[in-house]
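Novice: One structure follows; several queries about it will come next.
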Number of protein chains: 4
Amino acid sequence: MPSSPGAPLSGILVPHMVPLDGRGRINEEELARYVRWLVDRGVHGLYPNGSTGEFTRFTVEERRRIVSVVCEAAAGRVPVVAGAAEANVVETIAACQHALEAGARAVAIVSPFYFKLSPESVYAYFREIARESPIDVTLYNIPMLASPIDVATVRRLAGECPRVIGIKDSSGDISQMQRLIAAVRPIRPEFAFFTGWDAALVPMLLAGCDGGVHATAGVVPETTRAIYDDVQAGRLDAAFARQRQITDLLDIAFLGADFPEGFRVAAGLRGFAMGESRQPATDAQQADRRVLADKIKAAIERCGVRA
Amino acid sequence: MPSSPGAPLSGILVPHMVPLDGRGRINEEELARYVRWLVDRGVHGLYPNGSTGEFTRFTVEERRRIVSVVCEAAAGRVPVVAGAAEANVVETIAACQHALEAGARAVAIVSPFYFKLSPESVYAYFREIARESPIDVTLYNIPMLASPIDVATVRRLAGECPRVIGIKDSSGDISQMQRLIAAVRPIRPEFAFFTGWDAALVPMLLAGCDGGVHATAGVVPETTRAIYDDVQAGRLDAAFARQRQITDLLDIAFLGADFPEGFRVAAGLRGFAMGESRQPATDAQQADRRVLADKIKAAIERCGVRA
Amino acid sequence: MPSSPGAPLSGILVPHMVPLDGRGRINEEELARYVRWLVDRGVHGLYPNGSTGEFTRFTVEERRRIVSVVCEAAAGRVPVVAGAAEANVVETIAACQHALEAGARAVAIVSPFYFKLSPESVYAYFREIARESPIDVTLYNIPMLASPIDVATVRRLAGECPRVIGIKDSSGDISQMQRLIAAVRPIRPEFAFFTGWDAALVPMLLAGCDGGVHATAGVVPETTRAIYDDVQAGRLDAAFARQRQITDLLDIAFLGADFPEGFRVAAGLRGFAMGESRQPATDAQQADRRVLADKIKAAIERCGVRA
Amino acid sequence: MPSSPGAPLSGILVPHMVPLDGRGRINEEELARYVRWLVDRGVHGLYPNGSTGEFTRFTVEERRRIVSVVCEAAAGRVPVVAGAAEANVVETIAACQHALEAGARAVAIVSPFYFKLSPESVYAYFREIARESPIDVTLYNIPMLASPIDVATVRRLAGECPRVIGIKDSSGDISQMQRLIAAVRPIRPEFAFFTGWDAALVPMLLAGCDGGVHATAGVVPETTRAIYDDVQAGRLDAAFARQRQITDLLDIAFLGADFPEGFRVAAGLRGFAMGESRQPATDAQQADRRVLADKIKAAIERCGVRA
């Protein structure tokens, strides 16, 4: 997939984690190596500063640095959709400008969080960003963690804002995804729909999604890419078989530790020096994660790749 | 589909409403006429005393009478899965016995409601019923309204209780449905999985469900049956197009009045004398329902059938 | 407190459990003995067929029998507020008639459950009951388990329906209780407000509640009665000290097993043959309850009474 | 109340908003004037960078500037408890250092938000901050918006971390507050408990809270201060009467617009140039707020002060 401006987005994007060094700083070399490894294994794009990427635990400057490092490492081989939500619209636009300059294909803006906003406020927020942004914008709906972006709001934004070119929806609600597609595709045929819920990837693709943004793609990029290819080629049995593998991995990594710690453990098992989380852990939690690592290792191997 | 004992269940089952007469009593003739009409339009089975059927608003005796009338009207043309949950295990077993005698293929037992029970208690409840029931049992999981039946519990019951032959899951959660199927099918290949969430029917069938139990099937049985046939025949575009029609109908009927009132209005529009609900309505609500009827009528017509 | 018709309700009412015999039937003699014991220990009234009393696990006939036995055992010494909610308005009115004949002071009607109704439907339901009931009606709001009865609805019912004489609110939300009192007392000064959340009893009384309907009153009636007397006499330190005792007991009984099993264990520890629950238990649960019994025993003794 | 180091905190603290100028920048002069006005009207302390203060919508540098301006304007007349939560522990400690230098009495650290953390992670997070902070720390529990801080965690932190000197709990759950006090006061008699739920202030004070941190104190500081004094003096009727006034104001401001917009409108009505929110508003919302202003004005006047 080319990362040229205007090209529609599709396929498997990786909301990857960020390796940290022994002092808790971004390990830029390891991040670049991780990104190249992911691209080598076939992912269609990168999604830095997503939830799995712990965007809330970095500073403004660090989030920009992450985008720069990722864009440089991607080197135009795949598009980068850069998380760029900041404290308010002005700061967010500045981050959008930076993402553009760094070479990102688009930005991803999570719906306002902490405060739970009404649909009207969510609309007003994205409209303002869409008006000012110098780069294409994708919406990021994750109603478990942030103000929901409902179907009517997505349609309104899609209809009014050419800058808004797609949405990642992490609800895992396939009825809602179908409603979204039915509401938006007639007025914006090129609008891109991504699911962010790994366990629903195959049904979501069958229901018309253009791709997925999945934490498991940072662990077993081979498998998530193969799922996409299977569905494109109509190999549904193979797709569902692999779906079970990544759901199994997701469930273990997601339930085994406070999100996204399980995915740090998992990426470490693929050979990356992920470092310690900025969220402190007790001794009991550290011990739990050693046990978790064994379970994740087994789940990775059940995907047919070497952990 | 034969309703012979032991035959696996599949296809579209109807959790139909119950017509009432001017004094609020069951209108048995109209109920029988409604059932025959549904069977004539191709539904694969009947599911009396479901949530849409307002089982909680009838007495024990009335629930039995509903099952008798439905079984008699079905006349062996399609199987009847009869809601038989009563106040406790002893009363439920008596209802199971009645369902058997009335000619039902199986019973459906909703998870304990009012009290929110732990998985261990839900397991203990169904295990006891499965041990005592003289008729096959299907589980009914509707976590919005009753104690959830989790994947581990379903697997445990499927593994230990031959009497438990299937589940209806109304969560609409396609990830959960895939987990259920992955957990149970290897040990019970004939176990039947039904979705109870109309808006997810096509993806659920693609993900391996055997059928659906849908309120909209009581309104546009032609369309829900056609969806099932489309998926069986691999006509996915047609299936998804019809899916949008029933989701549209569902959304209007579900959001337009306290559930399941919208479906009473809708069945009335198909020519049945449904009567007034046992749940009283204010004048304002009565007026709202007249407006709702127009919206539902349009949604039915968009399904290509005459309201 | 006299149980004469029309006398306002106040004080501590007991939503007691129902002893069962070895075959799972109501143990009427033990129930009567339990009721007399509670009245001897100073409770101001009885509240059969409440949630703690597991009303949903009995048949219509059993619920009536429970009311009859309790009224007879109370023998006019304290008022009985009898749970009388049935499947629909007609059945509920019949239960109200029975409660009147049995000698109850009033009935308690839980808000519609299973279906989650809108405020307008909740209003319509209670209005219909209030119009038809031959006995005074108290509302029962338990939003964790049933459709919420909001402040505007209570005010509307209080203003229009003289038969509605009070409310039990089990939300434990003291802000909401104050809003209720502020909304209703100006138009219905004698309207009675009861909290159903044991852990909030003292603050609720200070905020103007007339009393409490508490599961712990079925275990340590001495303590709950003493709390009421303490608050009436202005002994706040003593009241709060006892509040901590019953909160401690509540937390252990509530969290230690699926509600209301902990209270069956607890009543057993006060010397009553409660029998086995109608909700089946696994061996693991039975073992847990033996451990729980020790914890509850200690909590009862910390209340200063003998378990 | 002196703001000397080590003095226990009590009374009414104000989580005030921040006036913005026509370009959306902090209006420092108006902020200082607002702070002096609040202190003149008797509030016992200031709580900048709280939820009402929209801390998430400012940059790191702005949050520091707000603390500096507030401390300067408070001029030692009342203590300042400065919100200092940043993206991670290192950044938070830097903010704590700044608050110390600016003259704050303590910092307030909201529980981690966006990610929903387990009690063990919440404990680990606060323990780390408490170990490193150069200034006293108060916990901020707001389970509607951030990871809950449960009773066991508060007790653990209180027992292990002398730097942790109090908690603001915005749940409004009076049972939980009593559990907190019962768990902590025996081991840390000086630990300060504040409620953050305006509608529960009087009952919370009666139950042993040391004070309240209330958005309404930024609107009618006279009334919230009077409530505190009433309770201290045992004038419960007066206290509850004023409680009804601020609950009324709260309900209107809270429900009338996405929080905390109603409080911006309200502060404006007391004579401060609050400016436009950084959260954009549609024309429809702007119109709604003009209607809301009239309702808030009336509620303020019902408090007996001039809007």
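Novice: Please count how many residues of segment B:250-286 are open to solvent by 40 Å² or more (accessible area, probe 1.4 Å), among the aliphatic types (A, V, I, L, M) and not in a loop (DSSP other than H, G, I, E, B).
Specialist: So the answer is 3.
Novice: Does A:Glu86 satisfy being at pLDDT 95 or above and either open to solvent by 10 Å² or more (accessible area, probe 1.4 Å) or more than 18 Å from A:Gly196 (Cα to Cα) (or both)?
Specialist: In short, yes.
Novice: While we're here: Of (1) within 19 Å of the chain's Cα centre (by Cα); (2) within 14 Å of another protein chain (Cβ to nearest Cβ), A:Ile165 satisfies all except one. Which?
Specialist: Here A:Ile165 meets the rest and fails (2).
Novice: Select, from D:Val122, D:Val151, the only residue that is of a type in the set (A, V, I, L, M), within 14 Å of chain C (Cβ to nearest Cβ) and in contact with a helix residue (DSSP H, G or I) (Cβ under 7 Å, 6 or more places away or on another chain).
Specialist: After applying the criteria, what remains is D:Val151.
Novice: Considering every residue within segment D:200-210, establish whether at least one is touching a residue at least 60 places away in the same chain (Cβ under 8 Å) and either within 12 Å of another protein chain (Cβ to nearest Cβ) or buried (at least 24 other Cβ atoms within 10 Å of the Cβ) (or both).
Specialist: no
Novice: Got a sec? Which of B:Arg36, B:Arg77, B:Arg41, B:Arg63 is among the charged types (D, E, K, R) and crowded, with 23+ Cβ neighbours inside 10 Å?
Specialist: B:Arg63 is the lone residue from the list that is among the charged types (D, E, K, R) and crowded, with 23+ Cβ neighbours inside 10 Å.
Novice: Ok, one more. So, of the residues in segment D:211-238 that are outside any helix (DSSP H, G or I) and more than 17 Å from the chain's Cα centre (by Cα), which turns out to be surrounded by the most Cβ atoms within 10 Å (Cβ to Cβ)?
Specialist: So, considering only residues that are outside any helix (DSSP H, G or I) and more than 17 Å from the chain's Cα centre (by Cα), the one surrounded by the most Cβ atoms within 10 Å (Cβ to Cβ) is D:Arg235.
Novice: Still on this structure: Can you work out which of the residues in segment D:114-135 that are free of Cβ contacts under 8 Å to residues at least 40 places away in the same chain and among the acidic types (Asp, Glu) is nearest to A:Gln286 (Cα to Cα)?
Specialist: The qualifying residue nearest to A:Gln286 (Cα to Cα) is D:Glu120.
Novice: OK, next. Among the residues that make up segment B:103-111, is at least one of them farther than 22 Å from C:Tyr114 by Cα, out of contact with any Gly (no Cβ under 8 Å at 6 or more places or on another chain) and surrounded by 22 or more Cβ atoms within 10 Å (Cβ to Cβ)?
Specialist: Yes, segment B:103-111 contains a residue that is farther than 22 Å from C:Tyr114 by Cα, out of contact with any Gly (no Cβ under 8 Å at 6 or more places or on another chain) and surrounded by 22 or more Cβ atoms within 10 Å (Cβ to Cβ).
Novice: Further question: Does segment C:235-275 hold any residues that are over 21 Å from C:Trp37 (Cα atoms), within 14 Å of chain B (Cβ to nearest Cβ) and of a type in the set (D, E, K, R), and which are they?
Specialist: C:Asp258
Novice: Among (1) surrounded by fewer than 21 Cβ atoms within 10 Å (Cβ to Cβ); (2) touching a strand residue (DSSP E or B) at 6+ places or on another chain (Cβ under 7 Å), where does C:Val137 come up short?
Specialist: Among (1) surrounded by fewer than 21 Cβ atoms within 10 Å (Cβ to Cβ); (2) touching a strand residue (DSSP E or B) at 6+ places or on another chain (Cβ under 7 Å), C:Val137 violates only (1).
Novice: Determine which member of the set D:Ala241, D:Ala152 is small (Gly, Ala, Ser), in a helix (DSSP H, G or I) and open to solvent by 50 Å² or more (accessible area, probe 1.4 Å). I'd like the intermediate steps shown before the answer.
Specialist: Values: D:Ala241 fails: open to solvent by 50 Å² or more (accessible area, probe 1.4 Å).
So the residue among D:Ala241, D:Ala152 that is small (Gly, Ala, Ser), in a helix (DSSP H, G or I) and open to solvent by 50 Å² or more (accessible area, probe 1.4 Å) is D:Ala152.
Novice: Across segment C:169-192, what is the total count of residues that are closer than 22 Å to C:Met17 by Cα and open to solvent by less than 10 Å² (accessible area, probe 1.4 Å)?
Specialist: Looking only at that region, the number is 3.
Novice: So if I check each of C:Gly76, C:Gly24, C:Gly53, which one is within 14 Å of chain B (Cβ to nearest Cβ), more than 25 Å from B:Arg57 (Cβ to Cβ) and at pLDDT 95 or above?
Specialist: Result of the check over C:Gly76, C:Gly24, C:Gly53: C:Gly24.
Novice: Can you find even one residue in segment B:86-95 that is touching a helix residue (DSSP H, G or I) at 6+ places or on another chain (Cβ under 8 Å) and among the acidic types (Asp, Glu)?
Specialist: The first filter runs over segment B:86-95 and keeps only residues touching a helix residue (DSSP H, G or I) at 6+ places or on another chain (Cβ under 8 Å), leaving B:86-89, B:91-93, B:95.
Checking which are among the acidic types (Asp, Glu) leaves us with B:86, B:91.
So far as segment B:86-95 goes, yes, one or more of its residues are touching a helix residue (DSSP H, G or I) at 6+ places or on another chain (Cβ under 8 Å) and among the acidic types (Asp, Glu).
Novice: Let me ask another. Does B:Ser68 meet the test of being under 18 Å from the mean Cα position of the chain (by Cα) and over 25 Å from B:Phe259 (Cβ atoms)?
Specialist: Numbers: under 18 Å from the mean Cα position of the chain (by Cα): yes; over 25 Å from B:Phe259 (Cβ atoms): yes.
The answer is yes for B:Ser68.
Novice: If A:Asp294 satisfies every condition in (1) surrounded by fewer than 21 Cβ atoms within 10 Å (Cβ to Cβ); (2) of a type in the set (Asp, Glu); (3) in contact (Cβ under 8 Å) with a residue 24 or more places away in the chain but one, which is the exception?
Specialist: A:Asp294 satisfies all of (1) surrounded by fewer than 21 Cβ atoms within 10 Å (Cβ to Cβ); (2) of a type in the set (Asp, Glu); (3) in contact (Cβ under 8 Å) with a residue 24 or more places away in the chain except (3).
Novice: Tell me which of these D:Tyr140 doesn't satisfy, since it passes every other one: (1) over 15 Å from the mean Cα position of the chain (by Cα); (2) assigned to a strand (DSSP E or B); (3) closer than 22 Å to A:Arg57 by Cβ.
Specialist: (1)
The values are calculated or read from the model by the stated rules, or taken from the named source; none is laboratory data. Just so you know, these numbers come straight off a predicted model, no measurement behind them. Here Cβ is always computed from backbone atoms with ideal geometry, including for glycine, and neighbour counts include all displayed protein chains. All accessible areas refer to the heavy atoms of the entire protein, side chains included, with ligands and DNA or RNA removed. Shrake-Rupley method; radii C 1.70, N 1.55, O 1.52, S 1.80 Å.
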